[in-house]
Amino acid sequence: MANEQIPTSSKSREIKVKKFKKIPIFVVENHNDILELVLPALANNYLPFQNNLLIHFDSHPDCCINRQMPAETIFSRTALLENLSIENWIIPLLYGGHFEEIAWVRPPFAHQIPDGSYKFFVGNDHKNRIGVSSNLDYFLSDGSYINETELKNKKEVKLIVTEIHDSFNEIVKEKTFILDIDLDYFSTHNPFLNIYPKAQTYEKLKEIYKMDKNYDVNDPSSLTKFVNERNKQLNFFDTIFQHMAQHGSLEKYKFNDDASLREKFERTKELIDCLCHHYSIYDIDWFIVNDAGCTVDDELHQLPHYESSEEEIKEMMTKFENFLRSLKRYPEIITISRSSHDDYCPSNQVEMIQTSVIKALQNVFAEELKDQPTFWYKNSSNISALELVEPRIKQICHAHNCPK
Ligand SMILES: [Zn+2]
């Protein structure tokens with residue numbers, strides 16, 4: 001399967017969509033690992049190749065973009081899997097045309113994007129970077145805004161941001177969809193809050209990474225100016241922390257003396273000195289320090305931190321089950337991400353939440369589901385995700401258009 005090309009859309013049009021005989025539940029640890037199943041399912045026509053809907057229950061939108069990944073990576077499954085991580089696995093699927101709509105169902109305590117329905121374009125710029133034409137703060141801070149006129153290979157997509165409600169059929173309509181649940185939807189930590197606390201790292205990162213949002217949202221040239229500046233900063237932080245990871249000190253770091261970055265450079269140096277004073281150089285993960293910084297550019301849109309009580313989780317679970325019951329159509333695939341190793345979903349709650357979510361799915365979808373969920377995070381064999389989920393390769397076509 002290595003480097004297998006995902007077929008082009010023209011090829012896929014001739015091929016009949018097979019669908020899974022029964023709906024699989026695919027459980028992973030890191031959210032981007034759901035692609036281990038989703039990409040081969042697309043390539044092997046278990047899902048329509050294009051224009052699907054993703055219903056994404058999560059405390060996070062996961063809609064950042066990997067700035068270092070060339071757009072054509074989307075055509076190589078292996079390269080794509082290697083380049084994506086928990087916060088940036090969705091937009092490339094929109095760029096590839098596999099999804100045309102995402103509904104981010106947020107818990108009451110997550111506010112990174114305001115509720116609403118947003119249409120914008122996804123495409124690539126002349127440097128072959130994937131970007132979006134949306135002027136939402138979320139994309140501007142991530143440096144992923146690109147003026148629509150600069151976008152090539154662009155596709156219009158829709159992002160819906162909403163809390164849970166039981167009238168999703170307006171969104172689902174005739175669409176084939178993946179139901180995707182991050183268990184941190186029910187209870188979440190901000191794992192960076194307590195990062196290297198002796199150096200007050202989180203507070204200092206806030207000062208270092210913040211950027212005045214002095215743009216006019218209706219003026220594309222002002223947005224472009226802001227995003228160019230933001231990307232310059234983010235690239236600058238990348239190089240500093242990359243240097244620290246390689247050399248363990250800034251002695252040989254060549255600062256290019258860009259006046260606009262002078263203050264950031266001084267403050268970053270101060271933080272690095274403070275970290276090295278309080279911690280052994282072998283205990284500091286400089287990439288995590290940079291990752292933490294990238295999440296704190298403004299107070300309003302920080303990562304949520306809310307450990308729900310057992311009672312609150314139960315209430316959310318009831319609403320979740322009601323939502324499932326209200327659907328007039330079945331999902332093609334159900335994906336679940338535990339997100340507990342990196343401390344998003346609290347480790348003392350993750351098993352309970354997972355069991356309850358699977359129970360709710362079984363209560364509602366009953367015999368439409370495969371007998372057992374596939375626990376990909378426990379899998380140590382070489383068997384591919386698709387083979388694990390659908391061992392017999394010959395399948396009869398089975399419609400999930402649920403006439404409930
Ligand atoms: Zn997630």
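Every number in this text was worked out from the coordinates using simple rules, so none of it is lab data. These numbers come from a predicted model, not from an experiment. All Cβ positions, glycine included, derive from the backbone under ideal geometry; neighbour counts span all protein chains shown.
Starting from 0.36 nm per residue, how many nanometres of slack lie between Ser260 and Ser222 once their C-alpha separation is accounted for? Provide the component values of the computation, followed by the final result.
Details: separation 38, 0.36 × 38 = 13.68 nm, distance 1.72 nm.
My answer for the length gained is 12.0 nm.
Take the alpha carbon atoms of region 29-84, find their center, do the same for region 231-310, and report the distance between the two centers in whole angstrom.
28
Counting Lys and Arg as +1 and Asp and Glu as -1, each charge on the Cβ, what is the dipole of region 197-294 about the Cα centre in debye, to the nearest 20? The partial results should precede the final answer.
Details: 14 positive and 17 negative charges, 7 e Å.
Result for region 197-294 is approximately 40 debye, rounded to the nearest 20.
State the extension gain, in nm to one decimal, for the chain segment bounded by Gln246 and Tyr282, taking 0.36 nm per residue of separation less the distance between their alpha-carbons. Present the calculation step by step, with values, prior to reporting the outcome.
Details: separation 36, 0.36 × 36 = 12.96 nm, distance 1.17 nm.
Between Gln246 and Tyr282, full extension yields an extra 11.8 nm.
Projected onto the charge dipole of the chain (+1 at Lys/Arg Cβ, -1 at Asp/Glu Cβ, origin at the Cα centre), which of Ser141, Ile130, His341 gives the Cα projection farthest towards the positive end?
Final value for the positive-end residue is Ile130.
Rg to Rh for the chain: what is it, with Cα atoms only and Rh by Kirkwood?
Values: Rg = 21.8 Å, Rh = 22.4 Å.
Across the chain, the Cα-based Rg/Rh ratio is 0.97.
For a quick protection proxy, order the peptides 299-307, 124-132, 30-38 by their average other-Cβ count within 10 Å, most packed first.
On the way: 299-307: 15.0, 124-132: 18.4, 30-38: 22.3.
The peptides rank, most packed first, as 30-38, 124-132, 299-307.
For Cα pairs less than 8 Å apart in space and 6+ apart in sequence, what is the mean separation divided by the residue count of the chain, i.e. the relative contact order in percent?
Relative CO of the chain lands at 27 percent.
Using only alpha carbon pairs under 8 Å that are at least six residues apart, calculate the relative contact order of region 197-294 and give it in whole percent.
47
Can you pull out the GluC sites (Glu not before Pro) in region 131-230 whose DSSP state is coil and whose Cβ has at most 15 other Cβ atoms within 10 Å?
Those satisfying the criteria are Glu163, Glu174.
Run the paramagnetic zone check for Lys158: 7 angstrom along Cα to Cβ, then residues of region 99-138 with backbone nitrogen under 11 Å.
Hits in region 99-138 for Lys158 at 11 Å: 100-103, 117-120.
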